[in-house]
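Trainee: There's a structure below that I have some questions on.
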Amino acid sequence: MLAESLAISAVLFTIGVVGVLIRRNAIIIFMCVELMLNAVNLSFVAFSRYYGAEGQVFVLLVMTVAAAEAAVGLAIIISIFRHRQTVNLQNINLLKG
Amino acid sequence: MILDLSIPGQLITAFAPDMLLMGGAMILLLWSAWRPESEALQRNIGIASIILCVTVGVTIAYYVARGDSSGVGVIAVDNFRWTADIVFLIATIGTIALSMDYNAREGITAPESHVLVLFATSGMMTMAAARDLMIVFLGVEIMSVAVYVLAGLDRRSEKSAEAALKYFLLGAFSTGFLLYGIALVYGAAGTTNLSLIGERVGQPGIAGSAMLIVGIALLLIGFGFKVALAPFHMWAPDVYEGAPTPITAYMAAAVKAAAFAVFLRVWLEAFATASDAWHGPVWWLAVVTMAAGNIIALAQKNIKRMLAYSSIAHAGYILVAVAIGTPAASAAFMFYLLAYTMATLGAFGVIVALERRGGGQLQIEDYAGLWTVRPWLAAAMAVFMLALLGFPIFGGIGFFAKYWIIQSALQAPAPQTLLAVVLVLTSVVSAGYYLHVVMVMFMRPRSEGAVAVPPIGGWTRFVIAASAILIVALGILPNSVARWTQRSGNRPPVATAPVAAALPANSTVR
């Protein structure tokens, strides 16, 4: 079971990373980040079958933190939408040099 | 006194300074939500926040005087933690002082901005205290979530919103790497406790396992994003340029110091025995970061961007201390953080003083002839630039900071001569942009259409003067600070020795 769980977790994590790198919509990028975090949660749960509850405690911690991050992140995305009427990163390019 | 962290009361004692800051910040948050938003309230909350920081600093001084230590546990009680905390608190006080004047000028009346800085600082103190990967993660996130908001503090500014978005997306992305690294290290070692990982990674079977190597690599990428090492630095210049200037100072000084403090602790406490696996990559990251940061900084016209690339270069210098990994190097590391924090705060203080509402007067050319209209301000800026450069005498402790890093590189059991050479060569390159600012201020005439320099707020004056005086004065007497940071280098060797044998040694290390 461990090997399969870790493989799925690695695949999910990779999908998340690729999504962050190729998608240009801020909300979809954020969803891909959440996918990465949940892929890691799967690894933690798989490991905790062998090492005890520590991994499961970590999962609860990650979920709490991800919720806090989502609250802040969506607020930031709304604030940029108010300025630009878009959340597409290609159009968000004031800062460069 | 030796604290036993399995007893709840003693765990609370060990974590009390951090909890004092968190609790105080929550009370201030209630206070700021209770009253209608106003300029006066913003200042009052700012002053109360500074008083809270000083109180926490005094508490920490009391803990240092008591000389507590702890055995194996989730929280470290050692001088490394206390010294790092003092550096964060200095940066926090400077940031809040600058914010009070800056927010008044920009019309930001939200008093919560100071409270968010306090929350971020409590996250940093948690990071410095962490001796368990769970606490590491928790501290990093408490800090990051607060700083994402701070970067977007100026709601009316489009640049500020864009900086917040970029910082948030890349910060969350790097958190993913950090977390996956933690998961794989946990999978390889079977524990999240740093000291226990340190014991186990040396054992045959775990030492060279693919899971451990990939875990360390992912952790390195995660920390690389957080401290802005090249090639993971691309977010830093944009975010530093767009964020409100005092917050930029906070990110460049305190956030970087905190990320490095936890980076060093994880690396030397958990992965010291696996140094074959990471020494090469860390070595190359240091070289690439020093070269890229300094060379790109030469081309910058905007002073905030220039300081952003300079902060990337400094991350490279500090990474040299991580690559060396001896106790002398961690002492030099702490001294460097202190010197860098004060010089960065001061330099951003000067930028806050000269900036105009809405972000004008940020080009290096705007500083032309500053010497003729504001000689003291120009002199202070020269001190900060020379301190960042590491110039002797006029650069104060900046010189000793680099000197000790180089010295620890050359005197390590495995001398890092090549790294020291790269450090010196790239420092010479950095003279190109630091001295350019000094040259523009002192040797160019004030341009015809130059805007008159406005009166400077009292708190901004305080930050600039205090940092300049401390940099020069401590540069004359560096040994007093060095003794203080050297004690932080002697981190207790709990991982390798049996607990009972290690404890007496801990209690004498003050």
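The values are calculated or read from the model by the stated rules, or taken from the named source; none is laboratory data. Given the structure is predicted, the values throughout are model-derived calculations rather than measurements. Every residue, glycine as well, gets a Cβ built from its backbone with ideal geometry; the counts of neighbours run over all protein chains shown.
Trainee: Which ones in the stretch B:154-165 are surrounded by fewer than 24 Cβ atoms within 10 Å (Cβ to Cβ), more than 7 Å from chain A (Cβ to nearest Cβ) and of a type outside the set (S, T, Y)?
Mentor: Residue satisfying the conditions is B:R156 alone.
Trainee: In the stretch B:11-45, how many residues are touching a residue at least 60 places away in the same chain (Cβ under 8 Å) and within 30 Å of B:D68 (Cα to Cα)?
Mentor: Summing the residues that are touching a residue at least 60 places away in the same chain (Cβ under 8 Å) and within 30 Å of B:D68 (Cα to Cα) in the stretch B:11-45 gives 10.
Trainee: If B:D101 passes every condition in (1) crowded, with 24+ Cβ neighbours inside 10 Å; (2) outside any loop (DSSP other than H, G, I, E, B) but one, which one does it miss?
Mentor: Going through (1) crowded, with 24+ Cβ neighbours inside 10 Å; (2) outside any loop (DSSP other than H, G, I, E, B) one by one, B:D101 breaks only (1).
Trainee: Just one of B:A188, B:A230, B:A210, B:A217 is among the small types (G, A, S) and within 21 Å of the chain's Cα centre (by Cα); which is it?
Mentor: Sole residue among the options that is among the small types (G, A, S) and within 21 Å of the chain's Cα centre (by Cα): B:A230.
Trainee: Please note which helices (runs of 4 or more DSSP H) are completely contained in the stretch B:178-258 and include at least 1 residues that are β-branched (V, I, T) and within 24 Å of A:A39 (Cα to Cα).
Mentor: B:194-200, B:210-227
Trainee: Could you grab me the full set of residues in the stretch B:288-303 that are buried (at least 21 other Cβ atoms within 10 Å of the Cβ) and more than 13 Å from chain A (Cβ to nearest Cβ)?
Mentor: B:T289, B:M290, B:G293, B:N294 - these are the residues of the stretch B:288-303 that are buried (at least 21 other Cβ atoms within 10 Å of the Cβ) and more than 13 Å from chain A (Cβ to nearest Cβ).
Trainee: Go through the stretch B:138-153 and report how many residues are at the interface with another protein chain (Cβ under 7 Å from one of its Cβ atoms) and over 18 Å from A:I29 (Cα atoms).
Mentor: The number of residues fulfilling the criteria is 4.
Trainee: Identify all residues within the stretch B:2-12 that are part of a helix (DSSP H, G or I) and either out of contact with any Leu (no Cβ under 6 Å at 6 or more places or on another chain) or of a type in the set (G, A, S) (or both); write none if there are none.
Mentor: B:P8, B:G9, B:I12
Trainee: Need pairs with beta-carbon distance below 9 Å; first residue free of Cβ contacts under 8 Å to residues at least 60 places away in the same chain and farther than 21 Å from B:V115 by Cβ and within the stretch B:151-164, second basic (K, R) and surrounded by fewer than 24 Cβ atoms within 10 Å (Cβ to Cβ); sequence gap 6+ or separate chains.
Mentor: B:E158/A:R84
Trainee: Would you call B:I135 within 12 Å of chain A (Cβ to nearest Cβ), of a type in the set (V, I, T), surrounded by fewer than 24 Cβ atoms within 10 Å (Cβ to Cβ) and farther than 30 Å from B:A291 by Cα?
Mentor: Yes, satisfied.
Matching residues to (1) modelled with pLDDT of 95 or more; (2) facing another protein chain (nearest Cβ under 9 Å):
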position: A:L2; (1), (2): no, yes
position: A:I8; (1), (2): yes, no
position: A:T14; (1), (2): yes, no
position: A:V18; (1), (2): yes, no
position: A:R24; (1), (2): no, no
position: A:F30; (1), (2): yes, yes
position: A:V33; (1), (2): yes, yes
position: A:M36; (1), (2): yes, yes
position: A:A39; (1), (2): yes, yes
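Trainee: Between A:R49, A:R82, which is surrounded by fewer than 14 Cβ atoms within 10 Å (Cβ to Cβ), assigned to a helix (DSSP H, G or I), more than 18 Å from the chain's Cα centre (by Cα) and within 10 Å of chain B (Cβ to nearest Cβ)?
Mentor: Within the list A:R49, A:R82, the selection yields A:R82.
Trainee: Residue pairs, Cβ under 6 Å, 6 or more apart or interchain, first in the stretch B:170-191 and facing chain A (nearest Cβ under 7 Å), second part of a loop (DSSP other than H, G, I, E, B). List them.
Mentor: B:Y186/B:T192
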